[in-house]
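Step one of this worksheet: look at the structure below.
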Amino acid sequence: MIKVTTIEGESTASMVRAWDGFFCIGIFGNQYFEEYKANHFNAYASFGLNLNTLKKLEDLNMRYLPYWPGSPICNWPGKKERRVVEDYTTSPFSITPPYKQSIKILKQIKDSPSIFAYYLIDEPDCRDWERKELPVSKRIGFYSAECEKMAKVCRMIDPKNLTMILVDNTFRPANWYIYAEIADIFCTDPYDYITLAKPYYLERVTHLAYNACSPRPLIIVPYIAGSFYPRGRYATPDEHRINVYYAIGRGAKGLIYYIHSGCGRENGCKYNPILWREVGRVNKEVRKVAPFLSIGHPVDLVSCSSEKVWATAILAGDKGIVIPVVNRNYQATRKKFVISPLENVSIQVDIPEWMKIKKVLWVKYDRDEPLKYIRQGRKIKIELGRLYSAKLLLLKGGI
């Protein structure tokens, strides 16, 4: 339990299930597990639960986020029609199959070292949108009580592993504040391929969703497929890097990419080798700072030399500070992305009194580069020089 008390004596508390600090870098797609591993993914999310998949991921030391067997679209053998309701479920519009079979399968897989979280239900907004007989304003949260039942069954049978709910932006922001309170992990898909013409969209979504689900952890879904809209496009490598930096800079505790392959009308990232290569490079950088991100919290410590530079700090106790720095001197439309480099960029960081900075690194996929900095009292100034798309900094700390 986490309890916070103000100086006025008011308090609030929330139950949060902890884990070992694992920072999920997962992906949806067909079962190209060796390729995912080589591209620095550490987890796989699927729209089903397959025991052979679980065994393969165990062999590769990767984590699994399967649709749990009580989910309305989970593909497990012998699943009955989705509208069948067991006595445990009281909703007349239940979307949940019988729990007896679900409990049996949970008991079978719960001790696997690869299980990270049970993926309870998916978008659009936990099926709320499908209640077409109701006005739109009455659909939000329709299935929230039943989602709570699914989470309760998981916790009852498997108190160790986590649960996760994924929503999109259909009813934002109300859906975040409803469904973020149910599962152990809240995940949202901004569908940023739709909003390529809104260049800061993923940053704002992450910021608001993080506030909605705190103190529970947030996972963001960056979009790496080609748009199925007419004349749509893939994100460019620079756009992808910027979006991931936005997500981790606003506090995301994990990423699940959509999608590598097997996505119907969309073209998966498998068919864009240039973007796929950049995905792997960014993943490698994120994994280097993951121990800091997993325990960190966004804090306003950074000021920039230009309004066209965006930067924020993830403060990880006395361990260090992660700072994504983004060049916002770009234009994004559904047809193209154009970015212009910035010269002579610098940032200034307020260092907490109890922290001592020992080293400043520019984190790169191939080789980290030490950066010079100037101390100015409790502040340090870091000269970044030319900023093309984005840079990821790590300030290693101590007491």
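THR6: more than 23 Å from ILE185 (Cβ to Cβ), β-branched (Val, Ile, Thr) and modelled with pLDDT under 95, yes or no?
Against the criterion (more than 23 Å from ILE185 (Cβ to Cβ), β-branched (Val, Ile, Thr) and modelled with pLDDT under 95), THR6 qualifies.
Residues to consider are LYS132, LYS110; find the one that is exposed (fewer than 15 other Cβ atoms within 10 Å of the Cβ) and either within 29 Å of TYR191 (Cβ to Cβ) or in contact (Cβ under 8 Å) with a residue 24 or more places away in the chain (or both).
One residue alone meets the criteria, LYS132.
Please work out which one of (1) of a type in the set (D, E, K, R); (2) modelled with pLDDT of 95 or more; (3) over 24 Å from the mean Cα position of the chain (by Cα) is the condition GLU353 fails and give its number.
(2)
TYR143 versus (1) surrounded by fewer than 16 Cβ atoms within 10 Å (Cβ to Cβ); (2) touching a residue at least 12 places away in the same chain (Cβ under 8 Å); (3) more than 28 Å from LEU57 (Cα to Cα): which is the lone unmet condition?
(1)
Tell me which strands (runs of 3 or more DSSP E) are completely within region 33-129 and hold 2 or more residues being modelled with pLDDT under 95, or say none if there are none.
Answer list for region 33-129: 117-121.
Just need a number here: residues in region 161-187 that are modelled with pLDDT of 90 or more and touching a Leu at 6+ places or on another chain (Cβ under 7 Å).
Summing the residues that are modelled with pLDDT of 90 or more and touching a Leu at 6+ places or on another chain (Cβ under 7 Å) in region 161-187 gives 8.
This table checks each residue for (1) assigned by TED's automatic domain parsing to the domain that holds GLN348; (2) in contact with a strand residue (DSSP E or B) (Cβ under 6 Å, 6 or more places away or on another chain).
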residue	(1), (2)
TYR246	no, no
ILE256	no, yes
GLY262	no, no
CYS269	no, no
SER305	yes, yes
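Scan VAL338, VAL360, VAL345 and give me the residue that is exposed (fewer than 14 other Cβ atoms within 10 Å of the Cβ) and in a strand (DSSP E or B).
One residue alone meets the criteria, VAL338.
The values are calculated or read from the model by the stated rules, or taken from the named source; none is laboratory data. All values derive from a computational prediction rather than experimental measurement. Cβ atoms come from the backbone with ideal geometry, glycine included; neighbour counts cover every protein chain shown.
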